[in-house]
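Here's the structure we're looking at; comments come further down.
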Amino acid sequence: MDQQVNMYRKMLAAAVSSILLEHGFDTVEKECLGTLTEMIQAFISEVGNQSKNYCELSGRSEPLIADVVLGFVDMGFNFNSLDSYVKSGKHSVLPTLQTQQPQKQLSMLPAGTKQPLPSHIPQHLPQFPDPHAYVRTPTHKQPIIDYESVREKAAIQKKDIEKALTKFLAKTSPTHNLFDTDESNIFPLIACKPAYPPYLSALLPPGSDFRSRGLGL
Amino acid sequence: MMNQDEKMIEEQPLTLGQPLSDFLLQLEDYTPTIPDAVTTYYLRSSGFEPRDPRLVRLISIAAQKFISDIANDALQHCKMRSTNSSSHSNSKSKQGTKDRRYCLTMEDLTPALAEFGITIKKPHYYV
């Protein structure tokens, strides 16, 4: 609303400026333009007010020319020369006001077809959004949890882990070649690290066993 | 000026509105400088609901003439002041007076408005 008032005020200022230009002024102080704009606004408002009062005094609701004339007389405005003023010269015409176009809402990317409102929702309420915004669809299968398949899966997993670990060791640690050719290392075997001396492990008694036996002796 | 007006009104007291009513008919396709919408807006804000667009135009023209008279007076003041100042200064500036650009200042506007019986006093903080 405030913006609109400013807009009307601007148009009045433009009208005042064009009147001043007609008279031969080239520039105007901001203060003077403000004063004249205020005056022209006050003039229009006052004529309107006076005319309305005269109109209502005579028991009418729509103003007639007579009311406006009385308003002019009350303002001390000489309207007899209006005719000659209009005919005196060409008066510039400001461009007509144009109603502001409401900003067109950008259409978002539509997806799917919108669902109509169910019967228990009044029709004036906003439409449903695009279905993808609220419709829920399961995206993956429910896991199978019966005993057989779980065991099978566990076994496959275990096998895979072992295989992977073997492969890893075969790649990172020294290997033996299954065949005696150098060119292809297709079946690498994890090298066995001989302990020195090899017979030692056989001679050493296993710890826990020894202790229990010793205690038993 | 006021005396003239009074005389005019006294001379033709019965036909006061008559010439204006005739004039109103001419306003059917005349567009005043002030757009109709603007005048209508201000008239409405003071309680006046114009149904006849010609009445709006009449008031627009009246307002226009009101400002126009003031502007005319101010211009005379401006011209007088500039000729006075140029006559005081040396005659070399005569060339400049020919294509003088007129600027409406408060100095000219104040006496012009005083002739219409309007005294303006601006607060210092007015922008």
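Quick rundown of the values:
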{"read-out": "Among A:Ser88, A:Ser45, A:Ser173, residue whose mean-square fluctuation peaks in a GNM of chain A (springs only between Cα atoms under 10 Å)", "value": "A:Ser173"}
{"read-out": "Cα-based shape type of the range A:57-156, given that a ≥ b ≥ c are square roots of the gyration tensor eigenvalues and the cut on a/c is 1.5", "value": "prolate"}
{"read-out": "Most mobile listed residue (A:Pro138, A:Pro198, A:Pro126) in chain A, GNM with C-alpha springs under 10 Å", "value": "A:Pro198"}
{"read-out": "Farthest toward positive dipole pole in the range A:2-88 [+1 Lys/Arg, -1 Asp/Glu at C-beta], among A:Val86, A:Leu20, A:Ser45", "value": "A:Val86"}
{"read-out": "Point-charge dipole on Cβ atoms (K/R +1, D/E -1) for chain A, about Cα centre, debye to 20", "value": "1640 debye"}
{"read-out": "Stretch in chain A that is longest and holds no chymotrypsin sites (Phe, Trp or Tyr not before Pro) that DSSP places in a loop and that have at most 15 other beta carbons within 10 Å", "value": "A:1-133"}
{"read-out": "Chain A - Rg and Dmax from Cα coordinates, angstrom", "value": "50.5, 145"}
{"read-out": "Kirkwood Rh in Å, taken over all unlike Cα pairs in the range A:16-81", "value": "13.5 Å"}
{"read-out": "Gaussian network model of chain A, springs between alpha carbon atoms under 10 Å - residue of A:Leu200, A:Leu57, A:Leu109 with greatest fluctuation", "value": "A:Leu200"}
{"read-out": "Restraint check, A:Lys90/B:Lys65; A:Lys167/A:Lys193; A:Lys90/B:Lys79; A:Lys52/B:Lys122; A:Lys52/B:Lys121; A:Lys114/A:Lys141, Cα-Cα greater than 21 Å", "value": "A:Lys90/B:Lys79; A:Lys52/B:Lys122; A:Lys52/B:Lys121; A:Lys114/A:Lys141"}
{"read-out": "Kyte-Doolittle mean at least 0.0, axial Cα span of 20 Å or more - DSSP H helices of chain A", "value": "A:2-23"}
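Rule-based calculations on the coordinates, nothing more; no lab input. Only a predicted model underlies this, so the values are computations on that prediction, with no experimental measurement involved. All Cβ positions, even for glycine, are placed from backbone atoms using ideal geometry, and neighbour counts span all protein chains on display.
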